[in-house]
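Trainee: Quick one: the structure is below, and I'll ask about it shortly.
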Amino acid sequence: MLKLALSFSLLVVLGSNGFSTDPLTKLLDDSPTKKGELEPLTPEAEKTVQELRASLAKDSEALAMLENILTGSQLGPEDGWFPLAKAQTRYDWGYFSKRYDSDSDGKISAQEFRGSSQDFARVDRDGSGRIEEIDFDWSKHSLAPSPGMNLFFMGDRDGNGKLTHDEFQGLFQQLAGEDSDFIALDDVRDQFPQPSRSSATKRPDSPSRSTLIAGLKSQEIGSLQPGPNLEETAPDFALKSLDGQDVKLSQVIGPKPVVLIFGNFTCGPFRSQSGNIEKLYERYQDRAHFFLVYVREAHPSDGWWMQSNQRVGIDLVQPKDTDERRAVALTCRTRLKLDIPFLVDSVDDTVGSTYSGMPNRLYLIDDQGKIAFKNGRGPFGFHPRQLEQALVALLNRN
């Protein structure tokens, strides 16, 4: 997954131990360049630029990303291909209001919804007791920093996207201090202030333009293809699961919706969402088919390596064949403690490229094999809860 630098950085340093809970440090890390300070491209990168410009469509997402890399942009959520690759859903507020708001008051009550209370609660994103347009506002990207995000990363010491009971106890002791048995309001305020803007700083693992260009060509930072659009037929594929099962998409499509989750182990933002992915699977595994499609590594140690990976013991080279990728996928499933079925893409990235699944992406497919939901490009557009709203709508359409 592309750990892209934003136009801001967030740093929360915790007292005497100096442990940083900065999500940008753990997930994004800072950009190597600022406009006006561009390092020269390597000869290989220059050649790659010419090849990509000759092969990519003039209005393509990939060409937009290439041109943005060349400017030395920090590649935030509104740069490159990100503004061109927003989420597409059949089940937005317009759909819900037309279907359920019987008194046309701009609010959908639990009685108007007619589905289960559990389904209602998952669409009612802010927990207000009613479904409103604000529940469908996904304008903030998935890595937007917040005090809650900092708290989560402060506690998730092993970086597996799940804050366990033991980790939370450790977080309590860290906030309270060794000599106190409670946490005061100011203890929390001091450690989790509102994010503030500051200038980006260069880090040892910051990528050069040449590194980003190589990553674009290899599709480590994202697929060169845009993937199928809303209401298009989902491209068929056949992959083998980690458990040795042969899975053909066209044979799975039927009464139950199909959820496809694309990701890889070296993508920090993908790992941070593993708890959300697992809970999504736990809630709906009896009502939908779920598959996690394991794709090309975003930050292998022989590519754009990341200190944030090395801090949690992840130091992997890019798999050279499908068997090696299967081995890494198994490590990912074990380390993240995921029960969701894993499918492993071939090392030539056939499925990941077709679905624009690198570095991470979400799709919902209906009983006719049509795309009912497609999230924006990862990492910024990767919102499992947004897919869940669409899944609830699809499950309650009758």
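Trainee: Answer yes or no: is there a residue in the range 210-220 that is aliphatic (A, V, I, L, M), over 27 Å from MET149 (Cα atoms) and part of a loop (DSSP other than H, G, I, E, B).
Mentor: no
Trainee: Among the listed residues THR48, THR25, identify the single one that is among the β-branched types (Val, Ile, Thr), at pLDDT 95 or above and in a helix (DSSP H, G or I).
Mentor: Result of the check over THR48, THR25: THR48.
Trainee: So which of LEU84, LEU63 is within 24 Å of the chain's Cα centre (by Cα), of a type in the set (A, V, I, L, M), closer than 18 Å to GLN225 by Cα and open to solvent by 50 Å² or more (accessible area, probe 1.4 Å)?
Mentor: Answer to the selection: LEU84.
Trainee: Across the range 133-186, which residue is farthest from ARG90 (Cα to Cα) among those that are hydroxyl-bearing (Ser, Thr, Tyr) and free of Cβ contacts under 8 Å to residues at least 40 places away in the same chain?
Mentor: Of everything passing the filter in the range 133-186, SER180 is farthest from ARG90 (Cα to Cα).
Trainee: Which condition number in (1) open to solvent by less than 10 Å² (accessible area, probe 1.4 Å); (2) farther than 26 Å from HIS141 by Cα; (3) not polar (S, T, N, Q) is the one that LEU336 fails?
Mentor: It is condition (2) that LEU336 fails.
Trainee: Additional query: Quick one: would you say ASP166 is within 23 Å of PRO269 (Cα to Cα), of a type in the set (Asp, Glu) and either over 19 Å from the mean Cα position of the chain (by Cα) or in a helix (DSSP H, G or I) (or both)?
Mentor: Answer is yes for this residue.
Trainee: Do we have GLY275 as modelled with pLDDT under 95, open to solvent by less than 60 Å² (accessible area, probe 1.4 Å), within 14 Å of the chain's Cα centre (by Cα) and not hydrophobic (A, V, I, L, M, F, W, C) here?
Mentor: No, not satisfied.
Trainee: Residue pairs, Cβ under 7 Å, 6 or more apart or interchain, first in the range 45-59 and under 16 Å from TRP81 (Cβ atoms), second open to solvent by 50 Å² or more (accessible area, probe 1.4 Å) and among the basic types (Lys, Arg). List them.
Mentor: What qualifies is LEU52/LYS217.
Trainee: Being open to solvent by 10 Å² or more (accessible area, probe 1.4 Å), in contact with a Leu (Cβ under 9 Å, 6 or more places away or on another chain) and more than 17 Å from LYS140 (Cα to Cα) is the filter here, so list the residues in the range 368-392 that pass it.
Mentor: Listed by number, the list holds a single entry, LYS370.
Trainee: Taking SER206 as the residue in question, decide whether it is out of contact with any Leu (no Cβ under 7 Å at 6 or more places or on another chain), at pLDDT below 95 and open to solvent by 60 Å² or more (accessible area, probe 1.4 Å).
Mentor: No: the conditions fail for SER206.
Trainee: For the list (1) in contact with a helix residue (DSSP H, G or I) (Cβ under 8 Å, 6 or more places away or on another chain); (2) modelled with pLDDT of 85 or more; (3) outside any loop (DSSP other than H, G, I, E, B), I need the number of the one condition that ARG125 fails.
Mentor: Looking at each condition in turn, ARG125 falls short on (3).
Trainee: Could I ask something else about it? Looking for whichever is hydroxyl-bearing (Ser, Thr, Tyr), touching a residue at least 12 places away in the same chain (Cβ under 8 Å), touching a Gly at 6+ places or on another chain (Cβ under 6 Å) and surrounded by fewer than 19 Cβ atoms within 10 Å (Cβ to Cβ) here; the options are THR331, THR322, THR233. Which one fits?
Mentor: Selected residue: THR233, the only one of THR331, THR322, THR233 that is hydroxyl-bearing (Ser, Thr, Tyr), touching a residue at least 12 places away in the same chain (Cβ under 8 Å), touching a Gly at 6+ places or on another chain (Cβ under 6 Å) and surrounded by fewer than 19 Cβ atoms within 10 Å (Cβ to Cβ).
Trainee: Collect the residues in the range 80-120 that are among the acidic types (Asp, Glu), in contact (Cβ under 8 Å) with a residue 24 or more places away in the chain and part of a loop (DSSP other than H, G, I, E, B), keeping them in residue-number order.
Mentor: ASP92
Trainee: Just to be sure I understand, how many residues within the range 255-277 are outside any loop (DSSP other than H, G, I, E, B) and in contact with a helix residue (DSSP H, G or I) (Cβ under 8 Å, 6 or more places away or on another chain)?
Mentor: Number satisfying all stated conditions: 12.
Trainee: When the range 108-149 is examined, which residues are found to be open to solvent by less than 70 Å² (accessible area, probe 1.4 Å) and among the basic types (Lys, Arg)?
Mentor: ARG122
Trainee: Okay, moving on. Taking the range 66-81 as the search range and keeping residues that are within 22 Å of LYS47 (Cβ to Cβ) and among the polar types (S, T, N, Q), which one is least open to solvent (accessible area, probe 1.4 Å)?
Mentor: My answer is SER73.
The values are calculated or read from the model by the stated rules, or taken from the named source; none is laboratory data. Keep in mind that this is a model prediction, so the values were computed, not measured. Don't worry about glycine lacking a Cβ; one is built from the backbone with ideal geometry, like all the others, and counts go over all protein chains shown. Ligands, DNA and RNA are stripped out before the accessible areas are found, and what is left, the full protein with its side chains, is counted by its heavy atoms. Shrake-Rupley method; radii C 1.70, N 1.55, O 1.52, S 1.80 Å.
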